[in-house]
Amino acid sequence: MKFSYIDESGNGQEPYLVTAAVAVDANRMHITKAGWVGLFAELTRLAGRPISELKASDLYSGNHLWRDVGGNDRAAAIGTIFEWLEARRHQLFFAAVDKRAFETSARNGPSADLRDPWCAAAFHLVLQLQKAGRGLTQPKGHFALIFDAQEQHESHFADLVRTPPRWSDAYYGRRRRESALSRLVDVPYFADSEHVLLIQVADLVSFVLRRHAELTTPGGQESYEGEAARIRAWSELIARRAGPASLRWKRTGRNAAESVFVDFAPAGLLALGAEER
């Protein structure tokens, strides 16, 4: 079984919302937790003060615990975290929503079942996990979902996962007599990210991808010289750990369920990893 730790970036006034998951084999969790000790020791060294929690927006922008740390050192801290992910070979998943496109899509058709951008991105992520899980042997192909606390969305999303819309079956090719979302273990769990370290990593992954979506939009403005290249390099690393792009957004031969999520995906993330399709 795998634990999937999930968080989002862009749940405010931003034009894009991105949801990311870090999936870890249950029998390797003790190794991962032990590795956090060394990782946070390195982050503490770079910050020059004790770091007990990772907040992507603070780290990236130099706020709060990172306010006295220069941009290059903060970039080194982010690079250290991604190197840590690479070394442990944890699988990543992500989904994204262009909020304006979602509003247009949800006026009629299947997207209306998804209610709002957060639920749309989270449900797309769940469908990816279901699809990926069917390619793995049991019990490795089963996922437990642990989200950052979302009081506004928890009830509706739990209902959506318990009783998914029938059109979503086609996304993963649900078989006759197969229960819906059969690779999920129980209902989604919601936890305080302050106490769940890998949710904090998912926060960083989703933050970087959202920034990539913004910078690849026509007219996207860099916050500093070289930002787009740096964000793209991190995003490409994420894409490599996230498997084939066709798992998220198929370029050709997609069915109606797959098209639902392509229709409101940010263009910059659709192109990410496209050469693998």
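What follows draws every value from the coordinates through simple rules; no lab data is involved. Since we're looking at a predicted model, the values are computed, not measured. Note that each Cβ is placed from the backbone with ideal geometry, even for glycine, and that neighbours are counted across all protein chains shown.
Run through every distinct alpha carbon pair of segment 97-190 and return the Kirkwood hydrodynamic radius in angstroms, one decimal place.
It is 14.0 Å.
At q = 0.08, 0.13 Å⁻¹, what is the base-10 log of I(q)/I(0) for the chain according to the Debye formula with one equal point scatterer per Cα and no solvent? Please give it to two decimals.
Values, matching the q order: -0.31, -0.85.
How large is ³J(HN,Hα) for each residue in segment 202-207, as worked out from phi by the Karplus curve 6.51 cos²θ - 1.76 cosθ + 1.60 (θ = phi - 60°), to whole Hz, x for Gly and Pro?
Listing the rounded values in order: 4, 4, 5, 4, 5, 4 Hz.
Between segment 202-226 and segment 1-78, what is the separation of their alpha carbon centroids in Å?
Spelled out, the Cα-based centre of one part sits 17 Å from the other.
Given Cα pairs under 8 Å that are at least 6 residues apart, what percent is the relative contact order of segment 1-92?
25
Can you sort Val262, Val205, Val24 from fewest to most other Cβ atoms within 10 Å of each residue's own Cβ?
On the way: Val262 13, Val205 29, Val24 22.
Placing the least packed residue first, the sequence is Val262, Val24, Val205.
Quickly estimate the mean residue ellipticity at 222 nm for the chain, helices only: each DSSP H run with n ≥ 4 gives -39500 (n - 2.57), and the total goes over all residues, rounded to 500.
Using -39500 (n - 2.57) per qualifying helix, the result is -14000 deg cm²/dmol.
Nearest 20 debye, what's the magnitude of the dipole of segment 2-276 about its Cα centre given +1 on Lys and Arg Cβ and -1 on Asp and Glu Cβ?
On the way: 34 positive and 34 negative charges, 252 e Å.
I would put it at about 1220 debye.
Could you grab the relative contact order for segment 2-276? Cα pairs under 8 Å, six or more apart, rounded to a whole percent.
Relative CO of segment 2-276 lands at 28 percent.
Which residue, Ala95, Ala242, Ala233, tops the fluctuation ranking in a GNM of the chain built on C-alpha contacts under 10 Å?
The residue with the greatest mean-square fluctuation here is Ala233.
When a footprinting reagent is the concern and you count Cβ atoms within 10 Å, what order do Met29, Met1 take, fewest first?
Starting with the residue having the fewest Cβ neighbours, the order is Met29, Met1.
Choose one of Phe123, Ile31, Asn108: the residue whose Cα lies farthest towards the positive end of the charge dipole of segment 28-152 (beta-carbon charges +1 Lys, Arg; -1 Asp, Glu; about the Cα centre).
Most positive-ward Cα: Ile31.
Find the relative contact order for segment 119-209 and round it to a whole percent, using C-alpha pairs within less than 8 Å whose residues are 6+ positions apart.
39
Check which residues have an amide H placed less than 5 Å from Ala144's amide H, if you skip close sequence neighbours.
Result for Ala144 returns Lys2, Phe3, Ser4, Val185.
Using the 10 angstrom Cβ neighbour count as an exposure proxy, how do Tyr189, Tyr60, Tyr5 rank, fewest first?
Placing the least packed residue first, the sequence is Tyr189, Tyr60, Tyr5.
Could you run the Karplus curve 6.51 cos²θ - 1.76 cosθ + 1.60 with θ = phi - 60° over segment 144-149 and give me ³J(HN,Hα) per residue in whole Hz, x for Gly and Pro?
With the stated coefficients, segment 144-149 comes to 9, 9, 10, 9, 5, 3 Hz.
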